[in-house]
Each structure stands twice: as C-alpha cells, then as structure tokens.
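One structure is given below, encoded as structure tokens.
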Amino acid sequence: MTPDLPPLRDVIARHGLAASKALGQNFLLDGQLLDRIAAIPGDLTGACVYEVGPGPGGLTRALLRAGAKVTAVERDARCLPALAELGTTFPGQLRVIEDDALSIPLTDVLDEGGHIASNLPYNVGTALLVQWLSGEVWPPRWKSLTLMFQREVADRIVAQPGSSAYGRLSILGQWRSTARLAMPVHRSAFTPPPKVMSAVVHITPKPAPEGVSARVMEQITAAAFGQRRKMLRQSLKSLAGALDALETCGINGERRAETLSVDEFIALGRVLSSASAHQPG
C-alpha cells in the first residue's frame with residue numbers, strides 16, 4: 001500500500017525551499033504528472049533508478065511509489081531534510097548523496113541495467129546527457145534515460161535531418177540509441193514557471209554500428225556542425241582523411257552538415273575509424 005504523503009507545496013513551505021536560479025532549479029508539483037513521468041521507463045518494481053537534482057523530491061516520490069530503488073544526487077543542502085523524510089517513509093528504497101552529479105562516476109550511483117530519470121537542472125542537463133551518451137563502452141550501464149529538458153534542447157535530441165534543430169546532439173542521441181519525445185510539459189507546471197516550455201525525452205540504447213569509434217563520431221560531428229553554414233568540404237578539411245571519406249561514401253562535399261542522415265554520418269565514421277585504426281602508432 002502506498003503511504004500517504006503531505007502535498008509537495010507543504011513540504012516546500014515547511015523547509016523554506018524556494019527554487020534557486022543559480023542551481024537551475026524549477027520544481028514540479030503536480031503529482032499526476034510526476035507519476036506519468038515515472039511510468040515512461042516501464043515497470044520499475046525493484047529496479048535501480050538514478051535521479052539527479054531531486055530538489056524537494058517530487059519525481060523521487062513518484063519513482064518510489066512505482067517501486068524503484070532510487071539513488072538521488074543533490075548538491076543543494078537545503079533539500080536534504082525533505083529527502084530524508086521520504087527515505088523514512090519508503091525504508092530501504094532511497095539513498096541520497098550530497099554532491100555535484102557532473103563529478104560522480106556512474107558506477108558509484110547506478111547498478112548495471114538500471115534507469116536514469118530526472119527533471120534535470122537546466123544548467124547541467126546537456127553536459128550530463130553528453131556524458132551518458134559518450135565513450136567507447138557500449139551498451140552503456142543504463143537501460144533507459146527519462147529526462148526533462150527545455151523544449152529547445154529536447155527538440156535538438158530528437159531532430160531529423162534538414163531541420164534547424166538538427167545538429168551534434170541529434171547525432172549523439174541517435175547513432176546508437178533510440179530517442180523520442182515522450183511528453184511535452186507546459187511551463188505552468190513548474191514552480192517558479194520558467195520562461196520556456198519543457199519536454200521529457202526517453203532514450204534507450206541500441207546495438208552500436210560495427211567498426212565505428214565514438215571518439216571519431218564526436219570529431220566528425222564537432223567539425224561538421226562547428227561551421228554548419230559551410231559546405232562539408234570546407235568544414236571537414238581540418239579533419240585528417242575526412243575529404244577522402246566523403247568521396248568513399250559517395251557524399252557530395254557541397255552538401256551542408258544538416259542535410260546528412262544519421263546513417264551517412266555513421267558511414268563517414270566507419271571509414272575514418274578504419275583509417276585511424278590503420279595509422280602507424
């Protein structure tokens with residue numbers, strides 16, 4: 001049976017938890033909305049979930065109600081007493097660490113095959129996503145990412161070629177993962193309401209394409225989208241072997257980066273990964 005919990009507004013008032021702009025905080029208070037977000041990863045009964053920036057514990061309580069075992073990292077010490085109360089209400093289900101999530105290795109906070117679910121602080125959200133999607137080890141430690149972003153960032157993660165939102169983040173989120181926009185969230189759902197709309201993105205890993213180095217993919221996308229208004233033959237010329245790779249893949253060097261599909265970037269990555277692997281070390 002789910003324990004009765006005081007309304008979040010009461011918890012915030014009792015602990016004096018005004019959202020901190022410096023920490024990128026906007027609190028979600030709607031219990032039904034939070035339960036819907038917690039349901040996106042699927043059945044969480046007994047599952048390990050890592051949450052960044054729980055604040056007063058809105059999403060945390062929804063995850064705990066769903067049966068998850070939650071490790072939450074919070075750098076705002078003001079929120080710790082409210083989170084401790086949740087730990088008492090859900091014994092054995094919640095571990096809280098006071099720290100900066102950017103500096104914590106995932107191995108310290110998430111079991112293999114666990115989930116990550118967070119209403120991410122806006123000022124670290126993209127940096128954390130890049131961290132979780134990067135690296136040569138794949139499949140990753142996480143089974144799914146369910147993350148709240150500003151709508152503009154969410155659109156960039158799921159964008160398709162030819163759109164203005166399509167860029168490095170789109171390739172990173174899609175070349176060995178499936179990314180979808182799971183739920184738009186109106187700014188009025190937050191306290192205080194941010195100036196922009198938000199959305200929840202759900203990402204699951206898929207098998208990595210063979211023969212493609214993550215480091216090479218990062219180099220290609222950085223070069224290609226670093227000067228996105230330029231033709232590829234201009235933007236990629238500083239990357240050793242890239243112009244030859246365009247020719248090998250049959251990609252016209254007069255095209256711009258935003259016109260290339262994810263598969264075309266993967267093809268370039270495969271050619272360049274092979275070339276760098278055969279270079280004398």
Quiz item: Out of (1) out of contact with any Lys or Arg (no Cβ under 6 Å at 6 or more places or on another chain); (2) assigned to a loop (DSSP other than H, G, I, E, B); (3) under 28 Å from Lys143 (Cα atoms), the odd one out for Ala18 is which?
Solution: (3)
Quiz item: Of (1) among the hydroxyl-bearing types (Ser, Thr, Tyr); (2) within 23 Å of Ala68 (Cβ to Cβ); (3) over 14 Å from the mean Cα position of the chain (by Cα), Tyr166 satisfies all except one. Which?
Solution: (2)
Quiz item: Can you name the number of the only condition in (1) within 22 Å of the chain's Cα centre (by Cα); (2) outside the structural domain of Ala159 (by TED's automatic domain parsing); (3) of a type in the set (A, V, I, L, M) that Val201 fails?
Solution: (2)
Practice problem: Scan the range 68-125 residue by residue and report those that are free of Cβ contacts under 8 Å to residues at least 12 places away in the same chain and within 23 Å of the chain's Cα centre (by Cα). | Solution: Ser103, Pro105, Asp108
Quiz prompt | Members of the range 242-281 found to be surrounded by 14 or more Cβ atoms within 10 Å (Cβ to Cβ) and at pLDDT below 95, listed by number | solution = Ser274, Ala275, Ser276
Quiz prompt | Contacts under 7 angstrom Cβ, first residue in the range 154-175 being within 16 Å of Gln219 (Cβ to Cβ), partner part of a helix (DSSP H, G or I) and basic (Lys, Arg), 6 or more apart | solution = Gly167/Arg156; Leu169/Arg156
Quiz item: Restricting attention to the range 168-187, and to residues there that are in contact with a Ser or Thr (Cβ under 8 Å, 6 or more places away or on another chain), at pLDDT 95 or above and not hydrophobic (A, V, I, L, M, F, W, C), which single residue is surrounded by the fewest Cβ atoms within 10 Å (Cβ to Cβ)?
Solution: Pro184
Quiz item: Taking interchain pairs and intrachain pairs at least six residues apart, which have beta carbon atoms under 8 angstrom, with the first residue in the range 236-259 and in the same structural domain as Ser163 (by TED's automatic domain parsing) and the second surrounded by 14 or more Cβ atoms within 10 Å (Cβ to Cβ) and basic (Lys, Arg)?
Solution: none
Quiz prompt | Among the candidates Pro193, Pro139, Pro209, residue that is of a type outside the set (D, E, K, R), farther than 25 Å from Leu272 by Cα and in a loop (DSSP other than H, G, I, E, B) | solution = Pro193
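Kindly state which strands (runs of 3 or more DSSP E) lie completely within the range 51-134 and contain at least 1 residues that are in contact with a Lys or Arg (Cβ under 9 Å, 6 or more places away or on another chain) and small (Gly, Ala, Ser). Give the steps one after another, and end with the answer.
Details: elements: 69-73, 94-97, 114-119.
Here the list reads 69-73, 114-119.
Results for (1) farther than 20 Å from Pro3 by Cα; (2) modelled with pLDDT of 95 or more, shown as yes or no for each residue.
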{"position": "Gly53", "(1), (2)": "yes, no"}
{"position": "Arg65", "(1), (2)": "no, yes"}
{"position": "Val70", "(1), (2)": "no, yes"}
{"position": "Val109", "(1), (2)": "yes, yes"}
{"position": "Asn123", "(1), (2)": "yes, no"}
{"position": "Trp132", "(1), (2)": "yes, yes"}
Exercise. Sort out which residues of the range 196-206 are part of a strand (DSSP E or B) and either surrounded by 19 or more Cβ atoms within 10 Å (Cβ to Cβ) or in contact with a Lys or Arg (Cβ under 6 Å, 6 or more places away or on another chain) (or both), and write them in order of number.
Key: Ser198, Ala199, Val200, Val201, His202, Ile203
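The values are calculated or read from the model by the stated rules, or taken from the named source; none is laboratory data. Please read these numbers as outputs of a predicted model, since none were measured by experiment. Cβ sites come from the backbone with ideal geometry, for glycine too, and all protein chains shown count toward neighbours.
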